[in-house]
Amino acid sequence: MKFEEKYKKDALKLGQVKLSDRQGAISWRSPSNIALIKYWGKRQNQLPQNPSLSFTLDKSFSETSLEYRYRGNKELGVDFKFEKQTNPAFESRIKTFLKTASEFLPFINYYDFKIESSNSFPHSSGIASSASSMSALALCLVSMELKLFGTPKDEKSFFQKASFLSRLGSGSASRSVFNGFVVWGKHKNIQGSSDELAIRLNQQFSPKFNSLKDAILITSTGKKKVSSSAGHQLMENHPFAAIRFRQAKDNLQNLLEALKTGDEQMFIRIVENEALSLHAMMMASAEGFTLLNENTWKIIYKIRQYRKEHKVFITFTLDAGPNVHLLYQAKQEKQIFQFIQKELMQFCEKGHWIDDKAGRGPIKLI
Ligand code: PMV
(Lines give C-alpha, C1' and ligand atoms only; values in the text may rest on other atoms or scores of the structure.)
Protein backbone atom coordinates (compact mmCIF):
# COMPACT_ATOMS: atom_id res chain seq x y z
CA MET A 1 0.00 0.00 0.00
CA LYS A 2 2.66 2.39 -1.15
CA PHE A 3 0.41 5.32 -2.07
CA GLU A 4 -1.95 4.95 0.88
CA GLU A 5 0.99 5.14 3.29
CA LYS A 6 2.45 8.12 1.49
CA TYR A 7 -0.83 10.03 1.44
CA LYS A 8 -1.45 9.26 5.11
CA LYS A 9 1.99 10.65 5.94
CA ASP A 10 1.32 13.71 3.79
CA ALA A 11 -2.00 14.16 5.61
CA LEU A 12 -0.12 14.77 8.87
CA LYS A 13 1.74 17.61 7.19
CA LEU A 14 -1.45 19.00 5.68
CA GLY A 15 -2.96 19.23 9.16
CA GLN A 16 -0.04 21.37 10.34
CA VAL A 17 0.07 23.92 7.55
CA LYS A 18 -1.55 27.27 8.25
CA LEU A 19 -4.82 27.53 6.36
CA SER A 20 -4.50 30.57 4.17
CA ASP A 21 -7.58 30.41 1.93
CA ARG A 22 -10.77 30.91 3.91
CA GLN A 23 -13.08 30.44 0.99
CA GLY A 24 -12.94 29.67 -2.69
CA ALA A 25 -14.44 27.79 -5.60
CA ILE A 26 -13.15 25.12 -7.93
CA SER A 27 -14.79 23.34 -10.82
CA TRP A 28 -13.82 20.36 -12.97
CA ARG A 29 -15.29 18.60 -15.95
CA SER A 30 -14.45 14.91 -15.89
CA PRO A 31 -15.46 12.29 -18.44
CA SER A 32 -16.84 8.83 -18.04
CA ASN A 33 -14.80 5.92 -19.39
CA ILE A 34 -15.53 2.60 -21.02
CA ALA A 35 -13.63 -0.48 -19.94
CA LEU A 36 -12.39 -2.96 -22.52
CA ILE A 37 -11.00 -5.21 -19.81
CA LYS A 38 -13.54 -5.25 -17.02
CA TYR A 39 -13.18 -4.70 -13.31
CA TRP A 40 -15.75 -6.90 -11.60
CA GLY A 41 -14.99 -8.01 -8.07
CA LYS A 42 -13.11 -6.17 -5.37
CA ARG A 43 -11.24 -6.62 -2.12
CA GLN A 44 -11.44 -4.38 0.93
CA ASN A 45 -11.12 -0.65 0.42
CA GLN A 46 -11.98 -0.61 -3.29
CA LEU A 47 -9.02 -2.67 -4.44
CA PRO A 48 -9.67 -4.57 -7.66
CA GLN A 49 -9.44 -8.34 -7.96
CA ASN A 50 -8.01 -7.96 -11.45
CA PRO A 51 -6.50 -5.20 -13.56
CA SER A 52 -8.77 -3.36 -16.00
CA LEU A 53 -8.17 -1.24 -19.09
CA SER A 54 -10.36 1.54 -20.45
CA PHE A 55 -10.40 4.60 -22.60
CA THR A 56 -11.84 7.87 -21.45
CA LEU A 57 -14.84 9.27 -23.28
CA ASP A 58 -15.44 12.74 -24.65
CA LYS A 59 -19.09 13.75 -24.64
CA SER A 60 -20.21 11.80 -21.59
CA PHE A 61 -18.95 13.83 -18.66
CA SER A 62 -19.86 15.35 -15.30
CA GLU A 63 -19.23 18.92 -14.25
CA THR A 64 -18.79 19.46 -10.56
CA SER A 65 -18.24 22.71 -8.73
CA LEU A 66 -17.03 22.88 -5.17
CA GLU A 67 -17.42 26.02 -3.10
CA TYR A 68 -15.69 25.94 0.27
CA ARG A 69 -15.91 28.20 3.28
CA TYR A 70 -13.71 27.82 6.34
CA ARG A 71 -15.68 26.94 9.46
CA GLY A 72 -13.05 25.79 11.90
CA ASN A 73 -14.74 23.11 13.95
CA LYS A 74 -14.65 19.46 13.04
CA GLU A 75 -18.07 18.70 11.55
CA LEU A 76 -18.58 17.93 7.91
CA GLY A 77 -20.99 20.45 6.35
CA VAL A 78 -22.27 19.65 2.86
CA ASP A 79 -24.95 21.24 0.73
CA PHE A 80 -25.27 19.10 -2.41
CA LYS A 81 -27.32 19.65 -5.55
CA PHE A 82 -27.53 17.37 -8.57
CA GLU A 83 -28.78 19.19 -11.69
CA LYS A 84 -29.94 22.05 -9.48
CA GLN A 85 -32.05 19.78 -7.25
CA THR A 86 -31.54 18.08 -3.92
CA ASN A 87 -30.84 14.38 -4.24
CA PRO A 88 -30.62 12.55 -0.89
CA ALA A 89 -29.22 9.32 -2.38
CA PHE A 90 -26.35 11.08 -4.17
CA GLU A 91 -25.77 13.39 -1.22
CA SER A 92 -25.28 10.50 1.15
CA ARG A 93 -22.79 8.91 -1.26
CA ILE A 94 -20.90 12.20 -1.53
CA LYS A 95 -20.79 12.54 2.26
CA THR A 96 -19.43 9.03 2.66
CA PHE A 97 -16.82 9.80 0.03
CA LEU A 98 -15.78 13.07 1.70
CA LYS A 99 -15.43 11.27 5.02
CA THR A 100 -13.20 8.65 3.42
CA ALA A 101 -11.19 11.31 1.58
CA SER A 102 -10.72 13.33 4.79
CA GLU A 103 -8.37 10.63 6.05
CA PHE A 104 -5.97 11.80 3.34
CA LEU A 105 -7.10 15.43 3.17
CA PRO A 106 -7.82 16.34 6.81
CA PHE A 107 -8.62 19.96 5.93
CA ILE A 108 -11.98 18.70 4.58
CA ASN A 109 -13.17 18.57 8.20
CA TYR A 110 -12.68 22.31 8.67
CA TYR A 111 -14.83 23.52 5.78
CA ASP A 112 -18.44 23.85 4.72
CA PHE A 113 -19.01 22.74 1.15
CA LYS A 114 -21.51 23.65 -1.49
CA ILE A 115 -21.27 21.05 -4.25
CA GLU A 116 -23.16 21.18 -7.51
CA SER A 117 -22.93 18.46 -10.10
CA SER A 118 -24.50 17.83 -13.48
CA ASN A 119 -24.02 15.35 -16.31
CA SER A 120 -23.78 16.01 -20.04
CA PHE A 121 -25.87 12.92 -20.68
CA PRO A 122 -29.52 12.83 -19.68
CA HIS A 123 -30.23 11.73 -16.13
CA SER A 124 -31.15 8.02 -16.11
CA SER A 125 -29.88 7.56 -19.63
CA GLY A 126 -28.53 4.27 -18.39
CA ILE A 127 -24.97 5.56 -18.46
CA ALA A 128 -23.07 4.97 -15.27
CA SER A 129 -22.21 8.40 -13.92
CA SER A 130 -20.20 7.36 -10.88
CA ALA A 131 -16.89 7.33 -12.81
CA SER A 132 -17.34 10.87 -14.13
CA SER A 133 -18.92 12.39 -11.03
CA MET A 134 -16.57 10.85 -8.46
CA SER A 135 -13.48 11.72 -10.50
CA ALA A 136 -14.74 15.30 -10.98
CA LEU A 137 -15.16 15.68 -7.22
CA ALA A 138 -11.80 14.07 -6.45
CA LEU A 139 -10.13 16.48 -8.90
CA CYS A 140 -11.81 19.41 -7.12
CA LEU A 141 -10.48 18.20 -3.77
CA VAL A 142 -6.91 17.80 -5.00
CA SER A 143 -7.15 21.27 -6.60
CA MET A 144 -8.27 22.55 -3.21
CA GLU A 145 -5.21 21.00 -1.58
CA LEU A 146 -3.06 22.66 -4.22
CA LYS A 147 -4.67 26.04 -3.56
CA LEU A 148 -4.39 25.79 0.21
CA PHE A 149 -1.04 24.08 0.61
CA GLY A 150 0.80 24.18 -2.71
CA THR A 151 0.83 20.39 -2.98
CA PRO A 152 0.92 18.03 -4.87
CA LYS A 153 3.97 19.66 -6.33
CA ASP A 154 3.82 18.52 -9.95
CA GLU A 155 1.27 17.48 -12.53
CA LYS A 156 2.08 13.78 -12.32
CA SER A 157 1.59 13.69 -8.54
CA PHE A 158 -1.57 15.76 -8.89
CA PHE A 159 -3.28 13.26 -11.18
CA GLN A 160 -1.94 10.27 -9.24
CA LYS A 161 -3.57 11.57 -6.10
CA ALA A 162 -6.78 12.44 -7.97
CA SER A 163 -6.89 8.88 -9.32
CA PHE A 164 -6.24 7.41 -5.87
CA LEU A 165 -9.06 9.45 -4.31
CA SER A 166 -11.43 8.82 -7.23
CA ARG A 167 -10.94 5.09 -6.67
CA LEU A 168 -12.19 5.43 -3.11
CA GLY A 169 -15.43 6.94 -4.49
CA SER A 170 -15.92 4.45 -7.32
CA GLY A 171 -13.34 1.98 -8.59
CA SER A 172 -13.78 2.75 -12.27
CA ALA A 173 -13.52 6.50 -11.54
CA SER A 174 -9.79 6.04 -10.91
CA ARG A 175 -9.35 5.61 -14.69
CA SER A 176 -11.28 8.76 -15.67
CA VAL A 177 -8.59 11.27 -14.68
CA PHE A 178 -6.37 10.27 -17.63
CA ASN A 179 -6.85 10.30 -21.37
CA GLY A 180 -5.84 7.59 -23.82
CA PHE A 181 -5.69 3.96 -22.74
CA VAL A 182 -5.65 3.64 -18.98
CA VAL A 183 -4.93 0.68 -16.71
CA TRP A 184 -6.03 0.32 -13.13
CA GLY A 185 -4.81 -2.70 -11.18
CA LYS A 186 -1.48 -4.42 -10.87
CA HIS A 187 -0.28 -6.46 -13.81
CA LYS A 188 3.16 -8.05 -13.71
CA ASN A 189 4.02 -6.94 -17.23
CA ILE A 190 2.82 -3.34 -16.95
CA GLN A 191 5.39 -1.17 -15.31
CA GLY A 192 4.00 1.20 -12.70
CA SER A 193 0.57 -0.47 -12.65
CA SER A 194 -1.05 -0.44 -9.24
CA ASP A 195 -4.18 -1.58 -7.42
CA GLU A 196 -4.27 1.76 -5.66
CA LEU A 197 -4.55 4.06 -8.65
CA ALA A 198 -4.73 4.07 -12.43
CA ILE A 199 -1.95 4.90 -14.88
CA ARG A 200 -2.00 6.16 -18.42
CA LEU A 201 -0.33 3.78 -20.87
CA ASN A 202 2.38 5.68 -22.68
CA GLN A 203 3.45 2.97 -25.10
CA GLN A 204 3.23 3.45 -28.81
CA PHE A 205 0.06 1.73 -30.03
CA SER A 206 -1.10 1.07 -33.57
CA PRO A 207 -2.67 4.20 -35.13
CA LYS A 208 -5.69 2.00 -35.91
CA PHE A 209 -6.79 2.47 -32.32
CA ASN A 210 -5.92 6.16 -32.04
CA SER A 211 -9.32 7.60 -32.68
CA LEU A 212 -11.85 5.06 -31.51
CA LYS A 213 -15.45 6.07 -31.61
CA ASP A 214 -18.10 4.78 -29.22
CA ALA A 215 -21.77 4.89 -30.22
CA ILE A 216 -23.65 4.29 -26.99
CA LEU A 217 -26.90 2.61 -27.93
CA ILE A 218 -29.41 3.13 -25.14
CA THR A 219 -31.77 0.17 -24.99
CA SER A 220 -33.20 1.06 -21.60
CA THR A 221 -33.09 3.95 -19.18
CA GLY A 222 -34.73 1.97 -16.38
CA LYS A 223 -33.11 1.62 -12.97
CA LYS A 224 -30.78 -1.37 -12.68
CA LYS A 225 -32.19 -4.38 -10.86
CA VAL A 226 -28.85 -5.07 -9.21
CA SER A 227 -26.39 -2.28 -8.43
CA SER A 228 -22.70 -2.48 -9.35
CA SER A 229 -21.69 -2.70 -5.71
CA ALA A 230 -24.02 -5.67 -5.19
CA GLY A 231 -22.56 -7.18 -8.37
CA HIS A 232 -19.00 -6.80 -7.09
CA GLN A 233 -20.06 -8.47 -3.85
CA LEU A 234 -21.53 -11.43 -5.69
CA MET A 235 -18.04 -12.20 -6.98
CA GLU A 236 -16.93 -12.94 -3.42
CA ASN A 237 -18.17 -16.51 -3.26
CA HIS A 238 -18.60 -16.95 -6.97
CA PRO A 239 -17.70 -20.43 -8.24
CA PHE A 240 -15.86 -18.98 -11.24
CA ALA A 241 -14.18 -16.06 -9.47
CA ALA A 242 -10.58 -17.31 -9.63
CA ILE A 243 -10.95 -18.30 -13.28
CA ARG A 244 -12.50 -14.95 -14.15
CA PHE A 245 -9.69 -12.96 -12.51
CA ARG A 246 -7.11 -15.08 -14.37
CA GLN A 247 -9.00 -14.60 -17.64
CA ALA A 248 -9.02 -10.80 -17.22
CA LYS A 249 -5.25 -10.75 -16.64
CA ASP A 250 -4.62 -12.89 -19.71
CA ASN A 251 -7.05 -10.84 -21.79
CA LEU A 252 -5.27 -7.66 -20.74
CA GLN A 253 -1.90 -9.07 -21.76
CA ASN A 254 -3.27 -10.11 -25.15
CA LEU A 255 -5.16 -6.87 -25.69
CA LEU A 256 -1.95 -4.91 -25.18
CA GLU A 257 -0.38 -7.08 -27.83
CA ALA A 258 -3.28 -6.40 -30.20
CA LEU A 259 -3.06 -2.65 -29.53
CA LYS A 260 0.66 -2.69 -30.33
CA THR A 261 0.52 -4.85 -33.42
CA GLY A 262 -2.76 -3.48 -34.76
CA ASP A 263 -4.35 -6.93 -34.73
CA GLU A 264 -8.02 -6.05 -35.19
CA GLN A 265 -9.27 -9.62 -34.99
CA MET A 266 -7.58 -10.18 -31.67
CA PHE A 267 -8.91 -6.83 -30.40
CA ILE A 268 -12.47 -7.81 -31.34
CA ARG A 269 -12.19 -11.29 -29.86
CA ILE A 270 -10.91 -10.02 -26.52
CA VAL A 271 -13.20 -7.01 -26.19
CA GLU A 272 -16.34 -9.05 -26.88
CA ASN A 273 -15.13 -11.86 -24.67
CA GLU A 274 -14.70 -9.41 -21.79
CA ALA A 275 -18.15 -7.89 -22.27
CA LEU A 276 -19.87 -11.27 -22.40
CA SER A 277 -17.81 -12.74 -19.55
CA LEU A 278 -18.83 -9.82 -17.32
CA HIS A 279 -22.49 -10.59 -17.93
CA ALA A 280 -21.92 -14.34 -17.73
CA MET A 281 -20.57 -13.78 -14.21
CA MET A 282 -23.82 -12.06 -13.26
CA MET A 283 -25.91 -14.90 -14.66
CA ALA A 284 -23.79 -17.55 -12.95
CA SER A 285 -23.77 -15.76 -9.57
CA ALA A 286 -25.85 -16.84 -6.58
CA GLU A 287 -28.50 -14.24 -7.55
CA GLY A 288 -28.58 -15.50 -11.14
CA PHE A 289 -29.51 -12.20 -12.70
CA THR A 290 -29.00 -10.44 -16.00
CA LEU A 291 -28.98 -6.73 -16.79
CA LEU A 292 -29.28 -7.40 -20.53
CA ASN A 293 -32.56 -7.22 -22.40
CA GLU A 294 -33.91 -8.51 -25.68
CA ASN A 295 -32.75 -5.44 -27.59
CA THR A 296 -29.20 -5.75 -26.25
CA TRP A 297 -29.02 -9.17 -27.90
CA LYS A 298 -30.64 -7.98 -31.12
CA ILE A 299 -28.04 -5.23 -31.43
CA ILE A 300 -25.16 -7.63 -30.71
CA TYR A 301 -26.45 -9.99 -33.37
CA LYS A 302 -26.76 -7.16 -35.91
CA ILE A 303 -23.24 -5.90 -35.19
CA ARG A 304 -21.73 -9.33 -35.73
CA GLN A 305 -23.73 -9.86 -38.88
CA TYR A 306 -22.73 -6.45 -40.26
CA ARG A 307 -19.06 -7.13 -39.55
CA LYS A 308 -19.23 -10.41 -41.39
CA GLU A 309 -20.97 -8.93 -44.41
CA HIS A 310 -19.03 -5.68 -44.72
CA LYS A 311 -15.63 -6.82 -43.43
CA VAL A 312 -15.33 -3.65 -41.42
CA PHE A 313 -13.74 -3.14 -38.01
CA ILE A 314 -16.64 -2.81 -35.60
CA THR A 315 -17.10 -4.42 -32.26
CA PHE A 316 -19.04 -3.91 -29.06
CA THR A 317 -18.64 -3.80 -25.35
CA LEU A 318 -21.08 -3.57 -22.46
CA ASP A 319 -20.83 -2.04 -19.04
CA ALA A 320 -22.97 -3.03 -16.07
CA GLY A 321 -26.22 -2.40 -17.90
CA PRO A 322 -28.22 -3.21 -21.05
CA ASN A 323 -26.75 -0.51 -23.32
CA VAL A 324 -24.37 -1.44 -26.09
CA HIS A 325 -21.16 0.46 -26.78
CA LEU A 326 -20.49 0.09 -30.48
CA LEU A 327 -16.78 0.68 -31.14
CA TYR A 328 -15.36 1.61 -34.53
CA GLN A 329 -12.74 3.77 -36.22
CA ALA A 330 -13.44 7.46 -36.86
CA LYS A 331 -12.76 7.08 -40.57
CA GLN A 332 -15.77 4.75 -40.88
CA GLU A 333 -18.12 7.22 -39.27
CA LYS A 334 -20.37 7.86 -42.26
CA GLN A 335 -20.92 4.20 -42.97
CA ILE A 336 -21.53 3.33 -39.31
CA PHE A 337 -23.98 6.21 -38.82
CA GLN A 338 -26.03 4.79 -41.67
CA PHE A 339 -25.89 1.34 -40.12
CA ILE A 340 -27.04 2.73 -36.77
CA GLN A 341 -29.86 4.71 -38.34
CA LYS A 342 -31.08 1.93 -40.59
CA GLU A 343 -30.62 -1.10 -38.37
CA LEU A 344 -29.86 -0.31 -34.75
CA MET A 345 -31.88 2.73 -33.74
CA GLN A 346 -35.07 0.69 -33.83
CA PHE A 347 -33.79 -1.20 -30.77
CA CYS A 348 -32.91 1.95 -28.80
CA GLU A 349 -35.35 3.43 -26.31
CA LYS A 350 -37.02 6.32 -28.14
CA GLY A 351 -34.29 5.94 -30.78
CA HIS A 352 -31.77 7.34 -28.31
CA TRP A 353 -28.02 6.89 -28.79
CA ILE A 354 -24.94 8.98 -27.97
CA ASP A 355 -22.27 9.68 -30.55
CA ASP A 356 -19.18 9.52 -28.32
CA LYS A 357 -15.48 8.91 -28.83
CA ALA A 358 -12.14 8.68 -27.04
CA GLY A 359 -11.61 12.03 -25.37
CA ARG A 360 -8.86 14.22 -24.00
CA GLY A 361 -9.41 13.69 -20.30
CA PRO A 362 -10.63 16.05 -17.60
CA ILE A 363 -10.61 19.85 -17.84
CA LYS A 364 -10.37 22.36 -15.03
CA LEU A 365 -13.17 24.89 -15.49
CA ILE A 366 -12.49 27.25 -12.55
O1 PMV B 1 -16.68 1.40 -10.55
P2 PMV B 1 -17.90 0.58 -10.35
O3 PMV B 1 -17.97 0.05 -8.96
O4 PMV B 1 -19.14 1.32 -10.78
O5 PMV B 1 -17.80 -0.73 -11.27
C6 PMV B 1 -17.72 -0.64 -12.66
C7 PMV B 1 -17.78 -1.97 -13.26
C8 PMV B 1 -17.86 -2.02 -14.77
O9 PMV B 1 -18.31 -0.81 -15.34
C10 PMV B 1 -18.85 -3.10 -15.15
C11 PMV B 1 -16.52 -2.41 -15.39
C12 PMV B 1 -15.45 -1.37 -15.40
O13 PMV B 1 -14.28 -1.77 -15.30
O14 PMV B 1 -15.73 -0.18 -15.57
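The values are calculated or read from the model by the stated rules, or taken from the named source; none is laboratory data. Predicted model, so just to flag it, every value in this text is computed and none were measured. So basically every Cβ, Gly included, is an ideal-geometry build from the backbone, and we count neighbours across all protein chains shown.
Numbers at a glance
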| read-out | value |
| --- | --- |
| Any hit, the stretch 95-115, residues being modelled with pLDDT under 95 and not in a helix (DSSP H, G or I) | yes |
| Subset of the stretch 37-54 (residues that are more than 9 Å from the ligand (Cβ to nearest atom) and either of a type outside the set (S, T, N, Q) or surrounded by fewer than 18 Cβ atoms within 10 Å (Cβ to Cβ) (or both)) | Gly41, Arg43, Gln44, Asn45, Leu47, Pro51 |
| In the stretch 57-83, residue modelled with the highest pLDDT [restricted to those that are assigned to a loop (DSSP other than H, G, I, E, B) and acidic (Asp, Glu)] | Glu83 |
| Total residues in the stretch 43-56, condition out of contact with any strand residue (DSSP E or B) (no Cβ under 7 Å at 6 or more places or on another chain) and outside any loop (DSSP other than H, G, I, E, B) | 5 |
| Single match in Ile115, Ile108, Ile94, Ile127 (criterion: within 16 Å of the ligand (Cβ to nearest atom), surrounded by fewer than 24 Cβ atoms within 10 Å (Cβ to Cβ) and of a type outside the set (Gly, Ala, Ser)) | Ile94 |
| Search result, residues across the stretch 67-77 that are surrounded by fewer than 24 Cβ atoms within 10 Å (Cβ to Cβ) and either of a type in the set (Asp, Glu) or in contact with a helix residue (DSSP H, G or I) (Cβ under 9 Å, 6 or more places away or on another chain) (or both) | Glu67, Tyr70, Arg71, Gly72, Asn73, Lys74, Glu75, Leu76 |
| Those helices (runs of 4 or more DSSP H) lying entirely in the stretch 261-352 with at least 2 residues within 16 Å of the ligand (Cβ to nearest atom) | 264-283 |
| Pairs, first among the hydrophobic types (A, V, I, L, M, F, W, C) in the stretch 166-179, second in a helix (DSSP H, G or I) and near the ligand (Cβ under 10 Å from one of its atoms), C-beta under 7 Å, six or more apart | Leu168/Gln46; Ala173/Ser130; Ala173/Ala131; Ala173/Met134; Ala173/Ser166; Ala173/Arg167; Val177/Ser166 |
